[in-house]
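Bear in mind that the values in this text are calculations on the coordinates, not laboratory data. As the structure is a computational prediction, the values presented were derived from the model and not from experiment. Note: ideal-geometry Cβ built from the backbone for every residue, glycine included; neighbour counts use all protein chains shown.
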Amino acid sequence: MQIRILVADDYPAVRRGVRAVLESQAGWSVVAEAENGQEALQRAREHAPDVAVIDISMPLMNGLELARQLRTALPQTEILILTQHTSRGMLEQALKAGARGYLVKSAVASELIPAVEAVMQHQAFVSSDIDT
Amino acid sequence: MVTARILVADDHEVVRKGIRAILEAHSGWEVCGEAVDGRDAVEKAEALKPDVVIIDIGMPLLNGLDATRQILKQRAATKVLVLTMHESEQVVQQVLEAGARGYLLKSDASRDLLNAVEELKRNSTKEVAVALDLSVKTAETHRSNIMRKLDIHSISELVLYAVRNNIVQVMPPLNVLSLNERQS
């Protein structure tokens, strides 16, 4: 299945690692990258990705604000948030902002593929590492 | 021909994957191992004897700076590059005191990571200046100021504290002006 993905994180190694994980799947491609929220919004508008994988803490516009804006600008784009936070509070904020998926960075390598598959089916996906 | 064997230490698998992909795009460089925490980094460094260790400053079990000290105690020839989230006079000082050859901000471009490893391999002050697009004299001026400030007495202890195109931006906490004011 063809899936077009935007990756936004200010840490190039994370973008590169996420790309490596995603592109191991046939038909999945990273169509754009961004290192801050503003750039991510711009790229998303240009490319209309199926999924936006976004870091919660980025300069110029953080991931939560970006998620809100993406929901308005591109309602078809599913949002998957990456974060260092394992707190429930942050999770709730992310879901309220319109994210469908929420992954803790330590689990990205193992959970990213099932997370993308889930949000593509419009199902929520939350890292098992979240404090409940 | 393998020209550099590199150990990558970071507690996030996705970051290790990304750093590996960035480094292995350079022909001849090989990531010979990955470590998931500070203790693992020290053990792997001893077992694998890498040329270069790239290590995250904040890791579980043993932080990056303490791991750096132990790695260098095992094998002083190892070149360690620390990845940090912030750069401040304090961080720079701590990184250098631990014996690392330099540091990079995590947000620095992947090109900077490649340049940093190249400089560590070459181990010459002239090369540092070339990589930073500076005249040799400017780099040496900055370097001697930093050395005086940080009480480091040999150039070999301070090869590279940041790899970026505009070294002046790194300098604000250590600039020549505040140094002179303090001395007078």
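For region B:49-120 and region A:9-29, compute the distance between their C-alpha centroids and round to whole Å.
About 25 Å separates the Cα centre of region B:49-120 from the one of region A:9-29.
Mind grabbing the base-10 log of I(q)/I(0) for region B:24-115 at q = 0.12, 0.24 Å⁻¹? Debye formula, identical points on the C-alpha positions, no solvent, two decimal places.
Rounded to two decimals, the profile gives -0.34, -1.32.
Ignore the peptide's own chain and count Cβ atoms of other chains within 10 Å of each Cβ in A:1-10; give me the average, rounded.
Values: counts 0, 0, 0, 0, 0, 0, 0, 0, 4, 3.
Counting other chains' Cβ atoms within 10 Å and averaging over A:1-10 gives 1.
Rg/Rh for region A:1-63: what does it come to with C-alpha atoms and Rh from Kirkwood?
Numbers: Rg = 11.0 Å, Rh = 11.4 Å.
Over the Cα atoms of region A:1-63, Rg/Rh equals 0.96.
What's the extension gain from A:Thr72 to A:His47 if we count 0.36 nm per residue and subtract their Cα-Cα distance?
Numbers: separation 25, 0.36 × 25 = 9.00 nm, distance 1.55 nm.
Contour length minus the Cα-Cα distance gives 7.4 nm.
Can you give the helix-only mean residue ellipticity at 222 nm for chain A, where every DSSP H stretch with n ≥ 4 adds -39500 (n - 2.57) and the sum goes over all residues, rounded to the nearest 500 deg cm²/dmol? Show your work: numbers first, answer last.
On the way: 5 runs with 55 residues, N = 132.
So the calculated ellipticity at 222 nm is -12500 deg cm²/dmol.
Could you sort the peptides B:72-83, B:15-26 by per-residue average Cβ neighbour count (10 Å cutoff), highest mean leading? Can you show the working numbers first?
Numbers: B:72-83: 17.9, B:15-26: 20.2.
Packing proxy ranking, top to bottom: B:15-26, B:72-83.
In whole Å, what are the Cα extents of region A:35-101 along the three principal axes, biggest one first?
Result, largest extent first: 33, 23, 15 Å.
At q = 0.11, 0.19, 0.21, 0.22 Å⁻¹, what base-10 log of I(q)/I(0) does the Debye formula yield for region A:3-117 when every alpha carbon is treated as an equal point scatterer in vacuo?
Debye curve over Cα of region A:3-117, log10 I(q)/I(0) at q = 0.11, 0.19, 0.21, 0.22 Å⁻¹: -0.28, -0.90, -1.13, -1.26.
Within the set B:Lys73/B:Lys121; B:Lys79/B:Lys121; B:Lys49/B:Lys73, which residue pairs have Cα atoms separated by over 18 Å? Mind showing how you got there, number by number?
Numbers: B:Lys73/B:Lys121 20 Å; B:Lys79/B:Lys121 8 Å; B:Lys49/B:Lys73 12 Å.
Pairs exceeding 18 Å: B:Lys73/B:Lys121.
For the residues B:Ser107, A:Ser128, what sequence is obtained by ranking on other C-beta atoms within 10 Å, fewest first? Don't jump to the answer; show the numbers that get you there.
On the way: B:Ser107 18, A:Ser128 10.
Ascending Cβ contact count within 10 Å gives the list A:Ser128, B:Ser107.
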